Amino acid sequence: TKPKCTASMFGSQAHHVHRWEYGGRTTIGNLGAACGHDNRREGPGSAQWKTIVIRTGPDKGRVGWIDPTDPTRTPQVNNTLFPEVILRRIWARHHTAAPAPPPPDGATPTPPQRE
């Protein structure tokens, strides 16, 4: 569903990413979910939301919604009903190990010694 929408799958409609009226097929790779209100707000007009299937990154395979007022045209996904995704991303952002500093110029790093 569109970012920040709280409709569940039970309160949603099948949304064709490549629009049905333009030949979009009713296949799992072309469908997402949208509440009726948001499904009508997506379309070809310049003031309408756009949708794409995200091809790379952590959201690969999910439907990305592009806000018509976003100058960067960055697709966004809705994680409202997926708290585990939100928590996993927060955890990763705050608990990544800092890389080891490089050795001084000309120095060769020595492997740890076995005892």
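The values are calculated or read from the model by the stated rules, or taken from the named source; none is laboratory data. Given the structure is predicted, the values throughout are model-derived calculations rather than measurements. Using ideal geometry, Cβ is built from the backbone for each residue, glycine included, and neighbour counts are taken over all protein chains shown. The area values use the complete protein model at the heavy-atom level, side chains included, leaving out ligands, DNA and RNA. Shrake-Rupley method; radii C 1.70, N 1.55, O 1.52, S 1.80 Å.
Here are the numbers for the structure shown:
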| quantity | calculated |
| --- | --- |
| Carbon + sulfur, % of accessible area of region 9-95 - ligands and nucleic acids excluded, 1.4 Å | 61 percent |
| Per-residue SASA entry for residue 41, accessible area with 1.4 Å probe, Å² rounded to 10 | 90 Å² |
| Sum of side-chain charges, residue 73 neighbourhood, beta-carbon under 10 Å (Lys, Arg +1; Asp, Glu -1) | -1 |
| Kirkwood Rh and Cα Rg combined as Rg/Rh, region 9-95 | 0.99 |
